[in-house]
Each structure stands twice: as C-alpha cells, then as structure tokens.
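Participant: Okay, handing you the structure first.
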Amino acid sequence: MKKILVALAMFPMVAAAHDLAPGTFELSGGSNLGLNGGSVKTSVGGVSDTTDTSNYALSATGLYYVMPNFGVGLTLDYAADNQKFSDGTKDNLSSFLLGPAVSFEVPLAPQFSFFGRGDIGYVSATRDTGVSVNATGWGLGLEAGVKYFPVKVISFDAGLGYQYRSVSTDQTPAQDITTTGFGLNLGLSVYFGGGEGHR
C-alpha cells in the first residue's frame with residue numbers, strides 16, 4: 001500500500017517530466033493507408049445521388065509549441081476519394097487542403113502520450129468522371145490517438161481521424177460535392193528544439 005501511495009504521489013512529476021516544451025517544433029507525416037470509409041452526396045440542379053466511397057489520404061504538418069503540450073502550425077493534406085455508383089459508373093475526386101492546424105498532448109507514461117489534432121483550410125480539387133473538372137471549397141480534419149516515443153526526438157503516431165470536404169466545380173451548372181470519411185491514421189513525427197521532444 002505504501003508503494004502505491006508513493007507511486008501515485010510521483011505520477012504528476014513523471015508526467016511533467018515528459019511534456020512537450022514551449023519552443024519545440026514538430027514535423028509530422030502520415031497516411032490512413034486506404035482504411036477510410038464514408039459517403040458522398042453529389043447534387044446538380046436539386047437532383048442528388050448518394051453512394052459508398054473508399055478513400056485514402058497523405059498529410060504533412062508542421063507545429064510550433066507555444067505552451068507545454070499545445071502547438072499551432074500549418075498542414076497540407078492530400079485526399080483521394082474513389083466512388084462507384086449504382087449504374088456502374090466511376091467518380092474519382094482528388095483534393096489538396098492547406099490551412100492552419102492545432103494540436104494538444106496529454107502525457108500518459110514516459111514513452112506514451114494521448115494527442116488531439118485539428119485543421120481547417122482551403123481545398124483545391126479535381127473531379128474525374130471521364131472528363132476532368134476543377135473545384136474549390138473548404139475542408140477540415142480531426143484526429144485523436146496515441147504517440148509512442150522510442151527516443152525523445154521521434155514518435156510513432158496512431159489515431160482515428162475524421163475528414164470533411166465541401167467543394168463546388170467550375171463548370172456550368174456547378175456541382176456541389178461533399179465528402180466525409182473516418183479512418184485509422186498512421187504517422188511519424190520528428191521534434192526539434194525546445195528540449196527536443198518529450199523532456
């Protein structure tokens with residue numbers, strides 16, 4: 001019992017010793033490895049069609065920690081949505097999102113932490129249904145998961161992510177396209193400065 005009380009008393013100090021310090025820069029890259037699944041709703045002149053979609057994404061994010069465990073920065077995401085409608089036709093949408101990102105961490109153990117991350121930004125997309133058209137709009141992404149630090153300057157990241165895109169094509173009449181997806185995201189982060197990752 002005495003050992004348990006001592007361990008509980010020391011836990012806040014252990015957690016604090018592994019904070020991401022202000023001044024730390026995190027560079028992350030990730031992919032959902034094609035595990036996302038979601039739905040697409042397309043409307044043209046009030047007529048809509050909904051179908052299943054498979055998609056994948058790649059991302060690169062740079063974050064600067066302005067306070068312990070809270071970072072702000074910029075993200076670039078690439079997403080590809082591949083659809084097959086009930087009549088057998090295919091519809092492929094590829095998009096880039098560029099915009100601000102925020103992240104926070106909660107230390108769990110000397111080599112593990114929980115993280116949450118969000119981004120929102122401008123989306124540029126191309127839709128290919130046999131003929132390619134361009135589209136623009138906005139999107140957002142949310143992710144929560146766990147980081148494993150084999151060394152203090154590198155972490156392996158795994159989380160559940162949600163992705164949303166809303167764009168309009170530049171053709172007449174314009175097509176409004178909304179895509180959503182959930183998936184398992186895997187990534188790698190490298191840390192510079194500010195104590196170089198977890199202290």
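Participant: Residue by residue through the stretch 100-112, note down the ones that are out of contact with any helix residue (DSSP H, G or I) (no Cβ under 9 Å at 6 or more places or on another chain) and in a strand (DSSP E or B).
Facilitator: Scanning the stretch 100-112 gives PRO100, ALA101, VAL102, SER103, PHE104, GLU105, PHE112.
Participant: While we're here: Given SER103, SER94, which one is within 17 Å of the chain's Cα centre (by Cα) and under 30 Å from THR24 (Cα atoms)? Explain how you work it out, then say what you get.
Facilitator: Working: SER94 fails: under 30 Å from THR24 (Cα atoms).
Unique residue meeting the criteria: SER103.
Participant: Shifting gears a bit: Within the stretch 118-133, does at least one residue satisfy the condition of being hydrophobic (A, V, I, L, M, F, W, C), surrounded by fewer than 18 Cβ atoms within 10 Å (Cβ to Cβ), in contact (Cβ under 8 Å) with a residue 12 or more places away in the chain and touching a strand residue (DSSP E or B) at 6+ places or on another chain (Cβ under 6 Å)? Before the answer, list the steps.
Facilitator: Just the residues of the stretch 118-133 that are hydrophobic (A, V, I, L, M, F, W, C), to begin with: 120, 123, 125, 131, 133.
Subset that is surrounded by fewer than 18 Cβ atoms within 10 Å (Cβ to Cβ): 120, 131, 133.
Keeping just the survivors that are in contact (Cβ under 8 Å) with a residue 12 or more places away in the chain gives 120, 133.
Now restrict to residues that are touching a strand residue (DSSP E or B) at 6+ places or on another chain (Cβ under 6 Å): 120, 133.
Yes; the residues of the stretch 118-133 include at least one that is hydrophobic (A, V, I, L, M, F, W, C), surrounded by fewer than 18 Cβ atoms within 10 Å (Cβ to Cβ), in contact (Cβ under 8 Å) with a residue 12 or more places away in the chain and touching a strand residue (DSSP E or B) at 6+ places or on another chain (Cβ under 6 Å).
Participant: Quick one: count up the residues across the stretch 116-133 that are over 17 Å from GLY181 (Cα atoms), among the hydrophobic types (A, V, I, L, M, F, W, C) and in a strand (DSSP E or B).
Facilitator: The number of residues fulfilling the criteria is 1.
Participant: In addition: Hey, among SER155, SER166, which residue is within 18 Å of the chain's Cα centre (by Cα), hydroxyl-bearing (Ser, Thr, Tyr) and buried (at least 17 other Cβ atoms within 10 Å of the Cβ)? Spell out the reasoning first.
Facilitator: Values: SER166 fails: buried (at least 17 other Cβ atoms within 10 Å of the Cβ).
Answer to the selection: SER155.
Participant: Moving on. Select from the stretch 169-184 the residues that are among the polar types (S, T, N, Q) and in a strand (DSSP E or B) and write down the one among them that is surrounded by the fewest Cβ atoms within 10 Å (Cβ to Cβ). First the steps, then the outcome.
Facilitator: Within the stretch 169-184, the subset among the polar types (S, T, N, Q) is 169, 171-172, 175, 178-180.
Remaining after also requiring in a strand (DSSP E or B): 169, 178-180.
Details: THR169: 20, THR178: 15, THR179: 25, THR180: 19.
My answer is THR178.
Participant: Report, by residue number, each residue of the stretch 171-185 that is aliphatic (A, V, I, L, M) and touching a residue at least 24 places away in the same chain (Cβ under 8 Å). Don't jump to the end; show me each part of the working.
Facilitator: To start, the set of residues in the stretch 171-185 that are aliphatic (A, V, I, L, M) comprises 174, 177, 184.
Within the stretch 171-185, ILE177, LEU184 qualify.
Participant: ASP91 - would you say it is at pLDDT 90 or above, in contact with a Ser or Thr (Cβ under 9 Å, 6 or more places away or on another chain), in a strand (DSSP E or B) and closer than 21 Å to THR169 by Cα?
Facilitator: Values: at pLDDT 90 or above: no; in contact with a Ser or Thr (Cβ under 9 Å, 6 or more places away or on another chain): yes; in a strand (DSSP E or B): yes; closer than 21 Å to THR169 by Cα: yes.
For ASP91, the condition - at pLDDT 90 or above, in contact with a Ser or Thr (Cβ under 9 Å, 6 or more places away or on another chain), in a strand (DSSP E or B) and closer than 21 Å to THR169 by Cα - is not met.
Participant: Any idea how many residues of the stretch 170-199 are within 30 Å of ASP128 (Cβ to Cβ), modelled with pLDDT of 90 or more and more than 18 Å from the chain's Cα centre (by Cα)?
Facilitator: Qualifying residue count for the region: 1.
Participant: Do we find a residue being touching a residue at least 12 places away in the same chain (Cβ under 8 Å) and not in a strand (DSSP E or B) anywhere in the stretch 134-146?
Facilitator: There is no residue in the stretch 134-146 that is touching a residue at least 12 places away in the same chain (Cβ under 8 Å) and not in a strand (DSSP E or B).
Participant: Going by what's in this entry, would ALA79 be described as surrounded by 15 or more Cβ atoms within 10 Å (Cβ to Cβ), at pLDDT 95 or above and on the phi < 0 side of the Ramachandran plot? Explain how you work it out, then say what you get.
Facilitator: Working: surrounded by 15 or more Cβ atoms within 10 Å (Cβ to Cβ): yes; at pLDDT 95 or above: no; on the phi < 0 side of the Ramachandran plot: yes.
So ALA79 fails the test.
The values are calculated or read from the model by the stated rules, or taken from the named source; none is laboratory data. All of these numbers come straight from a predicted model, not from anything done at the bench. Virtual Cβ from ideal backbone geometry, glycine too; neighbours counted across all protein chains shown.
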